[in-house]
Structure formats: structure tokens, C-alpha cells
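*Asks:* Before I ask anything, here is the structure I am working with.
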Amino acid sequence: MLIAIGSDHAGLEMKTEIISLLKQLGHEYIDYGTDSPQSVDYPDFGEKVADAVSTANADRGILICGTGIGMSIVANKFPNIRASLCNELFSAKMSRLHNDANILVLGGRIVGKDLAKEIVCTWMTTPFEKGRHLKRLEKISLIEEKKTKKS
Ligand code: RB5
């Protein structure tokens, strides 16, 4: 799988850990930065990753900021994006099973690196359950269409 990954300064250390894990798991990745601990604005990096996934230039995305909240807000502005903030394992699993999440968001100041790696492994390997959840995702797409037409 091709993964778009990005963070702000608060997620940089965790991004580095996760990139090593993605390599170990045999995934390809595109690193959209940031590359230094200097303070940056999370929307600049969230935009790049969400755009890559939204336009099918990457299969899925991973975003990290301090809490994960800012990156989630940014990513969910994009069409076809279902970004899920998962700072524990149950949400990581359910975000794939029920929501077919295509961007995983983590809080670099909330989750330890070992748990973060477990979250990524779970999220990468859990399939979408489809069934009754498909209809719900279709409803989300319809809302997106309605809102896009209005503006
Ligand atoms: C940066 O200090 C912090 O605000 C950012 O990483 C993130 O937590 C925003 O939601």
C-alpha cells in the first residue's frame, strides 16, 4: 500500500517511528514533512496528505500533530476523506471496520510510541466490514455532494 504521511513539529518524532514501521511492514510511503523540530502550522501538512489521498495519489494517509485534533479537522475538509483520530486501539479497529477510514490521525503528545505502532498495525490490517456500513458511508457522500453544490 502507498501511504501519504505528514506531521507538524509536535508529531515529528512519532512520524519518524511510524515510517520505520511502514518500511518493516513492506509499505511504500510519501513523506510530506515536516522535517525539522521548528514550529510549523499543522494545516500546511494536513492539506498535503489529505489532498494526496483525496485525489487517489496515495491509498491511505497518516497524520500526526500534538493532539491529532487539528489534523483531523483539516483532513475532513477534503472530499472522499474519512479521517479518524485514534489514540487507542479500539477506535483504530472500529474506524476501519465500520467507517472505512482512509486517514489515521494520531496525537503525538498523547500516545506513546509503542502504542502508536500498535495502533498503526491494527489500522493497516483491519478490513472494512461493508454490509450495513456501506449505506452509511453513501449517506456521508451524499451530504458531501449536497454541501459542495451549494457553495
Ligand atoms: C501545536 O502546538 C499544536 O497545536 C498542534 O500540534 C495540534 O495539537 C493541533 O491540533
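Each value in this text was obtained by applying a stated rule to the coordinates, not by laboratory testing. These figures come from a predicted structure and were not determined experimentally. Every residue, glycine as well, gets a Cβ built from its backbone with ideal geometry; the counts of neighbours run over all protein chains shown.
*Asks:* Among the listed residues Asp51, Asp59, which satisfies the condition of being more than 16 Å from the ligand (Cβ to nearest atom) and touching a strand residue (DSSP E or B) at 6+ places or on another chain (Cβ under 7 Å)? Walk me through how you get there before you give the answer.
*Replies:* Working: Asp51 fails: touching a strand residue (DSSP E or B) at 6+ places or on another chain (Cβ under 7 Å).
Of the residues listed, the single one that is more than 16 Å from the ligand (Cβ to nearest atom) and touching a strand residue (DSSP E or B) at 6+ places or on another chain (Cβ under 7 Å) is Asp59.
*Asks:* Still on this structure, please answer the following. Can you confirm whether the stretch 48-66 contains a residue that is outside any helix (DSSP H, G or I), free of Cβ contacts under 8 Å to residues at least 60 places away in the same chain and of a type in the set (S, T, N, Q)?
*Replies:* Within the stretch 48-66 (the criterion being outside any helix (DSSP H, G or I), free of Cβ contacts under 8 Å to residues at least 60 places away in the same chain and of a type in the set (S, T, N, Q)), the answer is yes, since at least one residue qualifies.
*Asks:* Same structure, new question: In the stretch 75-132, which residues are surrounded by fewer than 16 Cβ atoms within 10 Å (Cβ to Cβ) and in a strand (DSSP E or B)?
*Replies:* none
*Asks:* Which of the residues spanning the stretch 96-124 are farther than 24 Å from Cys65 by Cβ and hydroxyl-bearing (Ser, Thr, Tyr)?
*Replies:* Matches in the stretch 96-124: none.
*Asks:* For residues that are within 16 Å of the ligand (Cβ to nearest atom) and of a type in the set (S, T, N, Q), scanning just the stretch 62-105, find the one that is farthest from Thr125 (Cα to Cα).
*Replies:* Step one: list which residues in the stretch 62-105 are within 16 Å of the ligand (Cβ to nearest atom), which gives 62-77, 83-87, 103-105.
So of that shortlist, the ones also of a type in the set (S, T, N, Q) come out as 67, 72, 76, 84, 87.
Working: Thr67: 24, Ser72: 21, Asn76: 22, Ser84: 15, Asn87: 17 Å.
Taking the candidates together, the pick is Thr67.
*Asks:* If you take the residues of the stretch 1-47 that are of a type in the set (Gly, Ala, Ser) and either over 20 Å from Ile69 (Cβ atoms) or assigned to a helix (DSSP H, G or I) (or both), which of them is farthest from the ligand (Cβ to nearest atom)? Even if it seems obvious, please write down each step before you answer.
*Replies:* In the first step, residues of the stretch 1-47 are kept if they are of a type in the set (Gly, Ala, Ser); the result is 4, 6-7, 10-11, 20, 26, 33, 36, 39, 46.
Now drop any that are not either over 20 Å from Ile69 (Cβ atoms) or assigned to a helix (DSSP H, G or I) (or both), which leaves 10-11, 20, 26, 36, 46.
Details: Ala10: 4, Gly11: 7, Ser20: 21, Gly26: 29, Ser36: 14, Gly46: 9 Å.
Among residues in the stretch 1-47 that are of a type in the set (Gly, Ala, Ser) and either over 20 Å from Ile69 (Cβ atoms) or assigned to a helix (DSSP H, G or I) (or both), the one farthest from the ligand (Cβ to nearest atom) is Gly26.
*Asks:* Scan the stretch 51-73 residue by residue and report those that are touching a helix residue (DSSP H, G or I) at 6+ places or on another chain (Cβ under 7 Å), under 15 Å from Leu106 (Cβ atoms) and among the hydrophobic types (A, V, I, L, M, F, W, C).
*Replies:* Residues of the stretch 51-73 that are touching a helix residue (DSSP H, G or I) at 6+ places or on another chain (Cβ under 7 Å), as a first pass: 58, 60-66, 70-71.
Add one more test, that the residue is under 15 Å from Leu106 (Cβ atoms), and what stays is 60-66, 70-71.
Answer for the stretch 51-73, where residues must be touching a helix residue (DSSP H, G or I) at 6+ places or on another chain (Cβ under 7 Å), under 15 Å from Leu106 (Cβ atoms) and among the hydrophobic types (A, V, I, L, M, F, W, C): Ile62, Leu63, Ile64, Cys65, Met71.
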